[in-house]
Amino acid sequence: MTAQGLDEVFGALADPTRRAILARLASGDANVGELTAPFRMSQPAISRHLKVLERAGLISRRRRATARLSHLEAEPLREAAAWLVGYREYWEESYERLDALLSTLDRREASASTSRSRPGTSAKPKRKGVPDGQDQSHR
């Protein structure tokens, strides 16, 4: 699929009404009247959405007697999904690197807190020149 084709497909999919129309067409062909029914918009407005979908190659339209039926075309969706797969792999690898980094940081933090709580060490740093037990800086 060309870059322009991808732009048209993603542009068409950007609108929730057009996505809803595609979802409806996934269950079978429909005419404009049937596609208009679930929406609070005019038939000409739905026709404009259908033209955008048709230009993107997501639907085809044909005549049956006096009705003009819209039909879902799956290939452009398949091609767009294939294009997205590369980015999915990228993000999965990025999440794996992030998980590894967080694990390393957790181990370092656990190691640091273990060394602070060992007997004979003080979790609170001593103030210079003040004997043990006489530090009253907390008051």
Next on the checklist: Given the condition at pLDDT 80 or above and within 30 Å of A30 (Cα to Cα), answer yes or no: does some residue in segment 83-91 qualify?
Outcome noted: yes
Checklist outcome for this item: Within segment 59-86, of all residues that are polar (S, T, N, Q) and either closer than 21 Å to A20 by Cα or in contact with a Lys or Arg (Cβ under 8 Å, 6 or more places away or on another chain) (or both), the one surrounded by the fewest Cβ atoms within 10 Å (Cβ to Cβ) is S60
Item to check | segment 41-73, residues that are free of Cβ contacts under 8 Å to residues at least 40 places away in the same chain, touching a helix residue (DSSP H, G or I) at 6+ places or on another chain (Cβ under 9 Å) and part of a strand (DSSP E or B) | outcome: I59, S60, R61, A67, R68
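The values are calculated or read from the model by the stated rules, or taken from the named source; none is laboratory data. Bear in mind the structure is a predicted one, so any value in this text is a computation, not a measurement. So basically every Cβ, Gly included, is an ideal-geometry build from the backbone, and we count neighbours across all protein chains shown.
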